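The values are calculated or read from the model by the stated rules, or taken from the named source; none is laboratory data. Not measured: the values here are computed from a predicted model. A quick note on method: Cβ atoms are made from the backbone with ideal geometry, for glycine too, and the neighbour counts reach across all protein chains shown.
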Amino acid sequence: MTVTTPTRHVILGNGPAGVVAAEQIRKQRPRDSIVMVGAEPEPPYSRMAIPYLLIGKVGEKGTYLRKDPDHFKKQDIQEIRARATKLDTAGKKVHLDNGDVLEYDKLLIATGARPISPPIPGVNLPGVHPCWTLENARQIIELAKPGSRVLQMGAGFIGCIIMEALALRGVKLTVVEMGNRMVPRMMTEGAGSMIRDWCIKKGVDVHCSTRVEAIEVGSQAEQQSLIAKIGSAIGFGTAVAAKDGAPLRVKLSNGETLEVDLVISATGVKPNLDFLEGSGLQMDQGLLVDDHMQTNIKDVYAAGDVAQVRDFSTGEKTVNMIQPAAADDARIAAQNMMGQGTTTQGSLAMNVLDTLGLIAASFGQWWGAEGGQSVELQNKDEFTYLRLEFLGDVLIGATSLGLTNHVGVMRGLIQGKIHLGEWKDHLLEDPTRLMEAYLACAQSQSTWKLPSSSLQH
């Protein structure tokens with residue numbers, strides 16, 4: 001009888017990708033060693049739950065990925081709170097900032113992303129905060145009181161989720177977006193412009209094609225500081241600096257200057273890759289991986305926001321920073337860490353966004369393809385929008401707004417690469433006939449099954 005030596009799995013990152021991978025390995029390898037390293041002091045949590053924390057729908061425990069505090073202990077998954085500082089791929093060792101060195105047989109890098117700080121004068125002043133971590137959320141909850149004047153930089157996917165939470169907190173909200181529409185990296189111009197109009201209708205002041213040029217200490221804070229300095233000079237106190245909650249003055253590229261109580265920076269994120277310098281791993285926008293989620297170095301895998309994976313639609317390597325993609329990547333990586341030879345179909349661009357009650361979705365190559373055809377339907381008064389992108393007789397991309405019945409069908413047709421035949425012409429005439437097209441064409445051509453809940457009107 002052959003006895004196999006337990007494999008030592010080290011997982012860097014305890015977000016959705018890290019947790020899914022650890023649990024997948026434990027389910028199939030009860031004797032293997034699993035160590036999961038998280039850089040934040042909190043238990044593993046979902047960043048996507050932070051907006052619900054901001055509006056009070058959940059407490060901090062409601063953001064945790066696993067509610068049982070002993071869950072990972074029961075799974076025999078060792079947790080370490082530390083940050084990776086160096087990776088020695090030749091020696092198969094990971095160095096941590098607490099001084100520990102972890103040896104591994106298989107390594108998964110799922111260290112996620114961090115906010116980008118835009119190069120704006122004053123961006124590091126107190127009162128300017130990202131909204132990415134639980135600690136950020138705690139700070140914002142203290143400052144974003146009903147009636148507070150809040151300016152948010154950025155109206156991308158994450159920005160819109162944060163924006164909704166801020167609006168529901170009852171603040172006076174201004175959003176500044178450099179692009180000519182909201183969510184410019186996931187929505188067509190028609191859809192993104194309609195989302196902007198919807199937000200304005202809901203009481204949010206939105207400035208597109210605009211950027212923040214500078215952030216300064218506001219007039220009230222300057223007066224307080226001046227009074228303190230004068231008091232100090234004559235022996236009645238000491239000078240004070242601007243602090244959280246003190247007014248800020250924000251200069252915009254359109255010539256306006258706004259005085260606000262809080263600035264939220266939601267201008268994008270980038271993968272956490274700095275500790276990999278000198279590791280020999282190939283990097284571009286993220287860690288380049290093959291269809292097994294393995295990097296260019298054997299036994300080193302990546303998943304989630306750090307992984308640059310083959311795109312389902314274009315075949316090009318891309319970083320797809322959405323939680324469903326992170327979970328899919330992690331399952332595939334875990335299976336290959338166990339030697340199962342699983343391959344990815346490619347990362348499908350898939351975004352569903354609820355902005356103050358308006359549901360928007362985009363799938364696949366929503367921007368279209370050279371030589372392709374498209375059809376667009378919009379009703380600005382009712383805030384409904386639908387755009388379909390075709391290449392040949394295959395639906396390759398879609399964008400919808402206010403039409404939730406079509407979401408599952410769009411994904412099914414795109415992911416199944418269904419040949420529509422004459423149904424393409426029907427959809428060019430009336431794009432709302434997606435369900436009919438799916439029922440007529442999909443079942444005979446694809447083993448990809450649309451979830452039953454998506455088939456209901």
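One residue stands out among those in segment 69-80 that are in contact with a strand residue (DSSP E or B) (Cβ under 9 Å, 6 or more places away or on another chain) and assigned to a loop (DSSP other than H, G, I, E, B): the one that is surrounded by the most Cβ atoms within 10 Å (Cβ to Cβ), which is ILE77. If only residues of segment 408-427 that are closer than 18 Å to ALA349 by Cβ and without any contact (Cβ under 8 Å) to a residue 60 or more places away in the chain are counted, the one that is surrounded by the fewest Cβ atoms within 10 Å (Cβ to Cβ) is LYS417. The conditions are (1) closer than 26 Å to ALA360 by Cβ; (2) touching a His at 6+ places or on another chain (Cβ under 8 Å); (3) part of a helix (DSSP H, G or I), and VAL175 fails exactly one of them. Which is it? All conditions pass for VAL175, except number (3). When segment 375-389 is filtered for residues that are surrounded by fewer than 20 Cβ atoms within 10 Å (Cβ to Cβ), free of Cβ contacts under 8 Å to residues at least 40 places away in the same chain and farther than 18 Å from THR404 by Cβ, only ASP381 remains.
Taking LYS424, is it out of contact with any His (no Cβ under 9 Å at 6 or more places or on another chain), basic (Lys, Arg), in a loop (DSSP other than H, G, I, E, B) and not assigned by TED's automatic domain parsing to the domain that holds ALA22? Spelling it out, it is not the case that LYS424 is out of contact with any His (no Cβ under 9 Å at 6 or more places or on another chain), basic (Lys, Arg), in a loop (DSSP other than H, G, I, E, B) and not assigned by TED's automatic domain parsing to the domain that holds ALA22.
Note on segment 24-44: residues that are within 19 Å of the chain's Cα centre (by Cα) and either closer than 25 Å to GLN335 by Cβ or outside the structural domain of ALA330 (by TED's automatic domain parsing) (or both) total 2. Residues that are crowded, with 18+ Cβ neighbours inside 10 Å and not in a strand (DSSP E or B): does segment 349-359 have at least one? There is at least one residue in segment 349-359 that is crowded, with 18+ Cβ neighbours inside 10 Å and not in a strand (DSSP E or B). May I ask you to verify whether LEU143 is surrounded by 21 or more Cβ atoms within 10 Å (Cβ to Cβ), outside the structural domain of ILE332 (by TED's automatic domain parsing), more than 30 Å from GLN24 (Cα to Cα) and in contact with a strand residue (DSSP E or B) (Cβ under 9 Å, 6 or more places away or on another chain)? So LEU143 does not fit the description; no.
With respect to ASN405, determine if the residue is at pLDDT below 95 and surrounded by 21 or more Cβ atoms within 10 Å (Cβ to Cβ). For ASN405, the condition - at pLDDT below 95 and surrounded by 21 or more Cβ atoms within 10 Å (Cβ to Cβ) - is not met. So, ILE200, is that one in a helix (DSSP H, G or I), farther than 24 Å from ILE116 by Cα and either in the same structural domain as GLY56 (by TED's automatic domain parsing) or of a type outside the set (D, E, K, R) (or both) or not? Judged against the criteria, ILE200 is a match.
Quick one: is ALA21 within 19 Å of the chain's Cα centre (by Cα), over 15 Å from LEU134 (Cβ atoms) and not basic (Lys, Arg)? It is true that ALA21 is within 19 Å of the chain's Cα centre (by Cα), over 15 Å from LEU134 (Cβ atoms) and not basic (Lys, Arg). For segment 428-457, enumerate the residues that are at pLDDT below 90, surrounded by 13 or more Cβ atoms within 10 Å (Cβ to Cβ) and assigned to a helix (DSSP H, G or I). Passing the criteria: SER454, LEU455. Could you list all residues from segment 360-386 that are in contact with a helix residue (DSSP H, G or I) (Cβ under 8 Å, 6 or more places away or on another chain) and not in a loop (DSSP other than H, G, I, E, B)? ALA360, ALA361, SER362, PHE363, GLY364, GLN373, VAL375, GLU376, LEU377, GLN378, TYR385, LEU386, listed by residue number.
If you go through segment 292-323 and pick out every residue that is in a loop (DSSP other than H, G, I, E, B) and either charged (D, E, K, R) or buried (at least 19 other Cβ atoms within 10 Å of the Cβ) (or both), you end up with 12. Screening GLY280, GLY304 for residues that are in the same structural domain as GLN28 (by TED's automatic domain parsing), touching a residue at least 40 places away in the same chain (Cβ under 8 Å) and within 16 Å of ALA17 (Cβ to Cβ) leaves exactly one candidate, GLY304. Scanning segment 31-68 for residues that are touching a residue at least 24 places away in the same chain (Cβ under 8 Å) and in a loop (DSSP other than H, G, I, E, B) yields ARG31, ASP32, ALA39, GLU40, PRO41, GLU42, PRO43, PRO44, SER46, ILE55, LEU65, ARG66.
If you filter segment 288-316 down to residues that are among the β-branched types (Val, Ile, Thr) and either in contact with a Gly (Cβ under 7 Å, 6 or more places away or on another chain) or modelled with pLDDT of 95 or more (or both), you find that the one that is nearest to LYS417 (Cα to Cα) is VAL309.
Here's the yes/no breakdown for (1) modelled with pLDDT under 95; (2) at negative phi; (3) buried (at least 21 other Cβ atoms within 10 Å of the Cβ):
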| residue | (1), (2), (3) |
| --- | --- |
| VAL20 | no, yes, yes |
| GLN24 | no, yes, no |
| GLN28 | no, yes, no |
| ASP32 | no, yes, no |
| MET36 | no, yes, yes |
| MET48 | yes, yes, no |
| GLY56 | yes, no, no |
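When you scan segment 90-104, do you find a residue that is within 22 Å of TYR301 (Cα to Cα), outside any helix (DSSP H, G or I) and aromatic (Phe, Trp, Tyr), even just one? So far as segment 90-104 goes, yes, one or more of its residues are within 22 Å of TYR301 (Cα to Cα), outside any helix (DSSP H, G or I) and aromatic (Phe, Trp, Tyr). Residues that are hydrophobic (A, V, I, L, M, F, W, C) and in contact with a Pro (Cβ under 8 Å, 6 or more places away or on another chain) were ranked within segment 264-291; the one that is surrounded by the fewest Cβ atoms within 10 Å (Cβ to Cβ) is VAL269.
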